[in-house]
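Have a look at the structure below, then the notes.
Please treat every number below as a calculation from the coordinates, not as lab data. Everything numeric here is computed off the predicted structure, so don't read it as measured data. Cβ: placed from backbone, ideal geometry, glycine included. Neighbour counts: every protein chain shown.
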Amino acid sequence: MMNENRRLYAIVSLLFSVFVFCASAGEAEMKTFSPAYGELMTMLENFRPENSIDVNIGTEFEEYKIGDPFEMRFMTSEACYIVLMNISSGGDITFITPSAVMPDNKVDGGRVYSTRSDFDMDIKVAAPEGIETINIFCSSEPLDLFHYDGEKEPLYTIKSSDEVRLTKLIENLKRLEQIDWSGNSVSFKITDPASTRRTRAIFRKRGGGALLPIGSTGTTGKFFPPIGTTGTTGKSENRPSNSEHE
């Protein structure tokens, strides 16, 4: 399975860039948002996750530059099924799980999972500037928020303008009212020091869609504990120095 995941590097190393196919500033300005997109963001922000399962999620830093290495970690208090939803800084939505990287989205309780160590994902932060949010949904029952077909689409993605997929996702999210589920979120800022102007897409999409946190961790991204039986420092060796960020 690990070798199979490595063959997916061409996909997952572009994880954050597939959210926004328009990498240039000119293309980003042409980005459109379906009316259903605003409805979805409001729904996510108004959700009230149960506390039947404690779940924490976090990133190493609260702010990243475009091109920085990225890692996310999470832990649930008991074995459960999870769905990881990324809302990109450009507005598009990509599901990290289930996916070709992690088709079986059941996790063990009390274990820290890492996108880098457990999912073998080599992620680099991509444009545009803005706020990125990752939501985690978990339940003792399987979560069916979208139809996953790894052969056709290794990472299920919903463009901000895709009315059909957005509407279908809203319908599936409404079913959460019928089951016991928990959730949490982490948000972080993406900056581009080389940028001399902000795109229209940035002005139209300033974050949003984050699930309300359960417990004290919240959405600060401070949850970043060691992983593995021997433990690690929880710090990225590839993080640029402070002088490079200034």
Quiz item: What pairs from 106/168; 159/189; 106/174; 106/189 go past 27 Å between their alpha carbons?
Solution: 106/189
Exercise. Could you pull the Cα extents of segment 59-194 along its three principal axes, largest to smallest, in whole Å?
Key: 47, 38, 28
Quiz item: Taking the Cα-to-Cβ direction at residue 149 and at residue 194 and moving 7 Å from each Cα, how far apart do the two end points lie in nm?
Solution: 3.8
Exercise. Starting with the fewest neighbours, write out 113, 156 ranked by other beta-carbon atoms found within 10 Å of each beta-carbon.
Key: 113, 156
Quiz item: Want the number for residue 163 to residue 141: 0.36 nm per residue separation, take away the alpha-carbon distance, what's left?
Solution: 5.1 nm
